[in-house]
Amino acid sequence: MRRPTSFPLILILAPVLAATLAVAQQPALTLNTIMQDPDWLGATPESVRWTDDGSAIYYNLKRPGSTLRDLHIVGLDGVSRRIDDADLSNADSPGGSWTLDRSRKVFSRNGDIFLKDIATGATTQLTRTSDSASAPMFLADESRIAYRRGQNIIVRDLATGFEEQPFDVRAANDPEDRKDEKTDYLKDQQHRLFEIVRKNKRNEDEQRARRLELRDLDGARAPKPWYLGDKVTIAGTDLSTAGDAMLVRTTPKGNRAGKRDNMPVWVNEAGYVENREVRTLVGTGEPTPHSVLLLRLGADEPIKIDLSTLPMFDDDPLADLRAAAEARAKAKKDAEKPAELPAPDKSAPDKTVDDNGAAAVAASTPAEPADAEKKPEPKPKKITRSVTTFNVQWSDDGSRVAFWARSSDNKDRWLCVVDAATGALTAAEHLRDEAWINFSFSQFGWMPDNETLWLLSERSGWSHLYLAPADGSTIRALTEGDWEVRSVTRSADGSRFFVTASREHPGSDDLYEIDAATGAMTRLSSLTGRNSYNISPDERHVAFMHSTTRAPADLYVQPLFAGATPRRLTDTVSDEFLAHEWAKPEVVPILSSHSEQPIWSRIYTPSADTPGIGSDGRRPAVMFVHGAGYLQNAHLGWSNYFREFMFHTLLTRLGYVVIDMDYRASAGYGRDWRTAIYRRMGEPELEDFADGIAWLVEHKNVDPGRVGVYGGSYGGFMTLMGLFRTDLFAAGAALRPVTDWAHYNHGYTSNILNTPDIDPDAYERSSPIEFAAGLSKPLLICHGMVDDNVFFKDTVRLAQALIELEKEDWEVAMYPVEPHGFREPSSWLDEYRRILKLFETHLK
């Protein structure tokens, strides 16, 4: 029989001693450490951009203890330096417009226009005026540039310096136009009775006609203004790259957004309560429709672009909901009518008795025939849909212009193309979504042939790259699959695209090169994590910010080809931060009981010897719920929720398991995942939370009766829904929570719930205040009082509801100087002390 192997005691204890010494050598982790000014983490590079010649990289660094940033430059060799203030004017400016061969660049700086020769570095200042100049661009012939000066667009000949304003567009009536001149009886009488009045009018008309004739003959004068009328506001003007046409977008004059709400500011310099006007509420305003005009040099009248000819423009996707809302309103009105008197006796005159007992006889009303035809139910009135337009882009040769048109209900988007010669309108792409269009993926641009557009679209259910002919013929997909293309850069010659995509993992942003002709896809990056990329102007290198789940982002560079080795250029994370052994979250797919897709989640697990296990051997757990709804947090990089990440490390040291789920509605997982909450916010998410807790019970030894929940904004909303509508949680902290979606903004809320007048059921099933009676577990609410995103009013209204419902074990912590995202370390500390106390009291 083989004897058991014996080991020296020192070998058995070595791992335990090493772990103990490692913990002992670490600085203590406290809430005071975590919630202090984030400068203690180090200054992460910001606003990364290349020098114009691609030889070095600029970035900004925040000064410790200040909001000021300093500009730095680092070469490809990794040598970095801060640029002195005296040299800032010599630094390359971001943005600008390039010639096709990338030999020259025109840009604006401090309100003036400059021209740079890339090969020599010589820069020529073209303007020096007090009128701000901006948005310069090369025209198609590259011998001229155009730029904005105030509301006007100026064209400059680079050889001669001659400047002209090709189009003068005004939202006013033509003062010379008398065809709509109003008349009345007295005015007509004056002309009829007095020759001197008629004579003066003839002279005035003759002088006006002469002025117009001479103006048209004088080629040296500024162009005749285009008067669009005084009933519109100009929303945008975009000159063609040929310089001979302009696309003008207008909106009806007047505020259509609706009544604004008010927010008191209690703590301020004056000592008196200040009342600020803040945003409007969802559904309280009217859509602001855009009209589109094409102006051409030499033409007398603008060409009106008829957007109503776009595919499915008049197909109202909300018709059924409108009809139901009208029926609901009618039923309510009928129910509120006073009760009808009994039908009169038709066999004898109707007798009534007054207060004095006198009989009165009234004529009886003829009975309605039993077979009388009932009046048909009124049909819902026809709705005229409207659109807004944005992101106007002319082709390189100026022959076509493209722009997005978006329906006011956000169910349709069209990639519109207008022919500059004829004004003919074509939809290069039309996307209809019965829920809502995701404009996170709205990049597009022209190909060098001036006849094809590239674009991102969720038409397959996932964001992918497409080529769309401008004439509206068949669109061709360059990428496909159950993953996302997230950003696109077209190569200068149009032969390639550089894209970030989640092809390898939904939580990773990797860089790929795509052949524009074949769609062949090659991965260029090798560092897994969260990455943002910036291609050099010469397309020889790529700079990128790379982070991991436990380390903030730093700057890297590599040659722009597959297999290249990345080089780290900055190391900005502080030694104080690195001294701590931060929890490394697992990013795992949790099987869903309601979807074929898994629920990707971050899991923070205590070490086996960490105290906090209950008498039954099971652990407590905390669920963190990220905000925004449409946001991804179970990714492989550094999270914007960095304080929460550190707090989760502290919780694991106290024995808690922490779960952070990318519940349905989160970003990164395709259209169906995003729109699962349409008209029922708070329901699919709770189903996913239940799956997450079940997974913790099975895989992490968690006690299902000792799970807490917390989160801010949308996370606060979901905390309330979890406590009001389920028994999943033993306690919860709702931070700056939405309590009633009818009080949130229009842009976000109407996408998901439509508007309260059209879809009241969606608001009632999605608003926590409607379910406040379900609260039976301890609740902490924390809210900044100058929150102009989710108003403090949301919490006040919920508090009143809880008071009237006679609920116990709830409290509100208010923060008088804090907006939606807290700024003061003292506020962060106070808030998280309360959260930790809640969990320690009710989960241990």
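The values are calculated or read from the model by the stated rules, or taken from the named source; none is laboratory data. Please read these numbers as outputs of a predicted model, since none were measured by experiment. Cβ atoms come from the backbone with ideal geometry, glycine included; neighbour counts cover every protein chain shown. Quick note on the areas: whole protein, heavy atoms, side chains included, nothing else; ligands and nucleic acids left out. Shrake-Rupley method; radii C 1.70, N 1.55, O 1.52, S 1.80 Å.
Odds and ends about this structure:
- For region 472-546, trypsin sites (Lys or Arg not before Pro) are listed when DSSP marks them as loop and at most 16 other Cβ atoms sit within 10 Å of their Cβ; the list is Arg540.
- For chymotrypsin sites (Phe, Trp or Tyr not before Pro), the sites in region 121-223 that DSSP calls loop and that have at most 15 other Cβ atoms within 10 Å are Phe162, Phe194.
- Distance violations [Cα-Cα > 20 Å] among Lys777/Lys837; Lys700/Lys844; Lys332/Lys411; Lys182/Lys231; Lys259/Lys411: Lys332/Lys411; Lys259/Lys411
- Heavy atoms of Asp70: accessible area, 1.4 Å probe, square angstrom to 10: 20
- Under the Karplus curve 6.51 cos²θ - 1.76 cosθ + 1.60, θ = phi - 60°, whole-Hz ³J(HN,Hα) for region 585-598, x wherever Gly or Pro sits: x, 7, 10, 10, x, 9, 4, 9, 8, 10, 8, 6, 7, x
- Computed across the chain, the Kirkwood hydrodynamic radius from all distinct Cα-Cα pairs reaches 32.2 Å.
- Cα-based shape type of region 703-751, given that a ≥ b ≥ c are square roots of the gyration tensor eigenvalues and the cut on a/c is 1.5: prolate
- Area accessible to solvent at Lys844, 1.4 Å probe radius, in Å²: 100
- Region 158-256 shape via C-alpha gyration tensor axes, a/c threshold 1.5: oblate
- Of the Cα atoms belonging to region 458-543, the radius of gyration and Dmax stand at 13.1, 41 Å.
- Of the residues Glu458, Glu277, Glu269, the one with the largest accessible area comes first in the ranking Glu269, Glu277, Glu458, computed with a 1.4 Å probe on protein heavy atoms.
- The ellipsoid that matches the Cα gyration tensor of region 554-603 has semi-axes, each √(5λ) in whole angstrom, of 33, 22, 7, with the longest given first.
- For the set Asp184, Asp691, the ranking by accessible area, highest first and with no ligand, DNA or RNA atoms included, is Asp184, Asp691 under a 1.4 Å probe.
- Relative contact order for the chain: 9 percent, from Cα pairs under 8 Å spaced at least 6 residues apart, divided by residue count.
- Surface per residue (accessible, 1.4 Å probe) for the chain, Å²: 50
- Alpha-carbon centroids, region 443-496 and region 213-274: separation in whole Å: 32
- Span from the region 107-156 Cα centroid across to the region 764-803 one, whole angstrom: 52
- Centre separation in Å (Cα based) which lies between region 585-609 and region 658-736: 12
- Of the accessible area of region 680-791, computed with a 1.4 Å probe over protein heavy atoms only, carbon and sulfur atoms account for 47 percent.
- Amide H within-cut-off set for Gly236, under 5 Å, with H built and near neighbours excluded: Arg249
- Heavy-atom accessible area ranking, 1.4 Å probe, most first, across Asp238, Asp761, Asp688: Asp761, Asp238, Asp688
- Relative contact order computed over region 16-162 (Cα-Cα under 8 Å; 6+ residues apart), in percent: 11
- Geometric descriptor of region 109-160, per residue, is 88 Å³ (volume of the convex hull of the Cα atoms).
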